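Dumping the structure here so I can ask a few things about it.
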Amino acid sequence: MTKNIRKAGSINLLRTQNPVLDNGERLTRDSNRLDREQLEILEKSFRQLLEAIGEDPSREGLVKTPDRAARAFEFLTQGYRQSVAEIINDAIFASDASEIILVKDIELYSMCEHHLLPFIGRAHVAYIPNGKVIGLSKVARIVDVFARRLQIQENLTSQIAESLMNCLEPSGVAVVVEAKHLCMMMRGVEKQNSVMKTSCLLGCFKDDARTRSEFLALLKE
Ligand SMILES: [Zn+2]
């Protein structure tokens, strides 16, 4: 028997059932894992990849590589099987705060969707509450939900900002991401030290120049 418990706001979590993902699908597993069949497809693909580059997948050092690589990929893409609503459901609190709340230097590990190579950096996430605040550690987990998918940095930045905007309905959200892209560093142009910066400003951070400059000043501290 299941019981439908609805929590505050637009968050939809059925307590005794599996959570609903952002795209509306119900999660059919109790975790972020891939199912057996999906893992087997990944393993087979990695074995073919090794053969395609002229390697011998049966040599000692590589025997377990397809299995290990499949599990690494499962972990690195677990964001597809997570929902922001599920993560922050228990961590939204009523508050009168109306100043900028900034979580700085959140470590970020993602993978570029063009080359399947990592990009690594930091995210800075700020918002101005409008009645609701969220636990600080949850901000970092929201960053992970979107980082652990195939991404381009621009989309990652705006997805973090928009999901906070939807979940908390704050006066504004500002997200800045700075990252180094291994696809640039290891191949092609080999620009070792270039850092890409992206930002997404919503609400009062976009509309009000003073709020925006206060945020930029906080970032420099
Ligand atoms: Zn790339």
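Only the coordinates and a few stated rules stand behind these numbers; no lab work does. Predicted model only: the values in this text are computed from it and were never measured. Every residue, glycine as well, gets a Cβ built from its backbone with ideal geometry; the counts of neighbours run over all protein chains shown.
If you plug each phi of segment 85-91 into the Karplus form 6.51 cos²θ - 1.76 cosθ + 1.60 with θ = phi - 60°, what whole-Hz ³J(HN,Hα) values come out, in order, with x for Gly and Pro?
My calculation for segment 85-91 gives 4, 5, 6, 9, 3, 8, 10 Hz in order.
What whole number of Å gives the distance from the Cα centroid of segment 148-221 to the Cα centroid of segment 72-120?
Value for the Cα centre distance between the two parts: 12 Å.
Rounded if a/c is under 1.5, else prolate if a/b beats b/c, else oblate: with a ≥ b ≥ c from the C-alpha gyration tensor eigenvalues square-rooted, which is segment 64-221?
Values: a/c = 2.75, a/b = 1.47, b/c = 1.87.
Oblate, since a/c reaches 1.5 and b/c is not below a/b.
Would you mind ranking MET165, MET196 by Cβ crowding within 10 Å, fewest neighbours first? Intermediate results must be reported in sequence, preceding the final value.
Working: MET165 18, MET196 15.
In increasing order of surrounding Cβ atoms, one gets MET196, MET165.
Shifting gears a bit: GLY131's amide H: which non-local residues (gap 5+, or another chain) put their own amide H closer than 5 Å, with H modeled 1.01 Å from N in plane and none for Pro or chain starts?
Sorted by chain and number, the residues that satisfy this are SER95.
Fewest Cβ neighbours within 10 Å first, please rank SER194, SER45 accordingly.
By the 10 Å Cβ count, ascending: SER194, SER45.
Summing +1 for each Lys or Arg and -1 for each Asp or Glu, what net charge is found among the other residues whose Cβ lies under 9 Å from the Cβ of ALA174?
Overall, the nearby charge balance is +2.
When ILE41, ILE142 are ordered from fewest to most other Cβ atoms inside 10 Å of their Cβ, what list results?
Numbers: ILE41 12, ILE142 24.
Ascending Cβ contact count within 10 Å gives the list ILE41, ILE142.
Which ³J(HN,Hα) values in Hz, rounded to whole numbers, follow from the phi angles of segment 194-206 under the Karplus curve 6.51 cos²θ - 1.76 cosθ + 1.60, where θ = phi - 60° and Gly and Pro get x?
Using θ = phi - 60°, the values come out as 7, 10, 9, 10, 10, 9, 9, 10, 10, x, 5, 5, 7 Hz.
Name the long-range amide H neighbours of GLY203: under 5 Å, sequence gap of 5 or more, or other chain; modelled H, no Pro or chain starts.
HN-HN under 5 Å from GLY203: VAL173.
Continuing with this model, one more query. Starting at the first residue of segment 129-143, write each ³J(HN,Hα) from the Karplus equation 6.51 cos²θ - 1.76 cosθ + 1.60 with θ = phi - 60°, in whole Hz, x for Gly and Pro.
Listing the rounded values in order: x, 9, x, 10, 10, 10, x, 4, 5, 5, 4, 5, 5, 5, 4 Hz.
Still on this model: Check the straight Cα-Cα distances from LYS220 and name the aspartates and glutamates below 20 Å, setting aside those fewer than 8 residues away within the same chain.
The qualifying aspartates and glutamates are GLU99, ASP105, GLU107, GLU178, ASP208.
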